Amino acid sequence: MRLTLLAFLVSLAASAWAGAQKYEPLAASVQAALHAAVSDRAAPEPRFESLQEKIDWLTEMSRRLEKRMPDRQARLEFLKTVRYEAQRAGLDPQLVLGLIEVESGFRKYAVSSAGARGYMQVMPFWVELIGEKGHNLFHLRTNLRYGCTILRHYLDMENGDLFRALGRYNGSLGRPEYPNMVRAAWERRWAWGPRVIQTSAR
């Protein structure tokens, strides 16, 4: 069974885009802050402006994701967790969906040739650096929490420059291909604005 699972994971390696984040020493204060960010175990309940926005967002994102995740319950759990973890890190949930599309194609068990794992293709060294022994990067919430925390860290490092932050996330800093792919996925397939309710003129 374990050999079968290993063979399956290896077979996905070639198709994963690979968040080959590079190990960089962290200041003690930064390491402590990132550790706290991935350790909090609050329940993933995302924020919405209203019940109607919640219904609209989940319905629309679920529709867009249906071909990649046929199971409705798993799809809704995934979307709620993406939104929760993105908001928690101060990120646009649609940006995170675009990044996941490019990194793993929404495959939970994707493994890159560099060893990056899961939806957001997190490198295992992050567990040792900022996490806790036993953190499983194939676990939905763990993977999304690490990925969002790491992207937020890179955005802070780059003073909000998304192009450079995405380059760091993918290990391709300075090259345009990866940031452009994520931005294109974000804007073309995951862009979102709340529904505008039309009122009749008086």
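Values in this text are rule-based calculations from the coordinates and carry no lab data. Note that the coordinates shown come from a computational prediction; the quantities given were computed from them, not determined experimentally. Positions of Cβ are backbone-derived with ideal geometry, glycine not excepted, and every protein chain shown enters the neighbour counts.
Which whole-Hz ³J(HN,Hα) couplings does segment 59-75 yield from phi under the Karplus relation 6.51 cos²θ - 1.76 cosθ + 1.60, θ = phi - 60°, glycine and proline marked x?
Coupling constants for segment 59-75: 5, 5, 5, 5, 4, 5, 9, 4, 5, 7, 10, x, 6, 4, 5, 5, 5 Hz.
Mind checking the full-extension length gain between ARG72 and LEU51? Use 0.36 nm per residue of separation minus the Cα-Cα distance, one decimal, nm. Intermediate results must be reported in sequence, preceding the final value.
Values: separation 21, 0.36 × 21 = 7.56 nm, distance 1.95 nm.
Result for the pair: 5.6 nm of gain on full extension.
Filter the GluC sites (Glu not before Pro) in segment 109-202 to those in DSSP coil with at most 14 other Cβ atoms within 10 Å of their Cβ, and list the result.
GLU132
For the residues ARG183, ARG64, what sequence is obtained by ranking on other C-beta atoms within 10 Å, fewest first?
Numbers: ARG183 18, ARG64 15.
The order, fewest Cβ neighbours first, is ARG64, ARG183.
Go ahead and run the numbers for FRET between ARG175 and TYR109, Cβ-Cβ distance against an R0 of 30 Å, rounding to 0.05. Let's see the in-between values first.
Working: r = 27 Å, r/R0 = 0.91.
That pair, ARG175 with TYR109, gives E of 0.65.
Pop out the ³J(HN,Hα) list for segment 79-92 in order, Karplus 6.51 cos²θ - 1.76 cosθ + 1.60 with θ = phi - 60°, rounded to Hz; leave Gly and Pro as x.
5, 5, 6, 4, 4, 4, 5, 5, 4, 4, 8, x, 10, 6
Relative to the compact globular guide of 2.2 N^0.38 Å, what is the alpha carbon radius of gyration of segment 72-111, as a ratio?
Normalised by 2.2 N^0.38 Å, the Cα Rg of segment 72-111 equals 1.14.
Can you list the aspartates and glutamates whose alpha carbon is less than 14 Å from that of LYS108, not counting same-chain residues fewer than 8 positions off?
ASP71, GLU77
Please compute the contact order of segment 108-202 in relative form: average sequence separation of alpha-carbon pairs under 8 Å and at least six residues apart, divided by the residue count, as a percent.
Averaging sequence separation for qualifying contacts and normalising by length gives 14 percent for segment 108-202.
Given H placed 1.01 Å from N in the peptide plane, which residues other than close sequence neighbours of VAL122 have an amide H under 5 Å from its amide H?
ARG117
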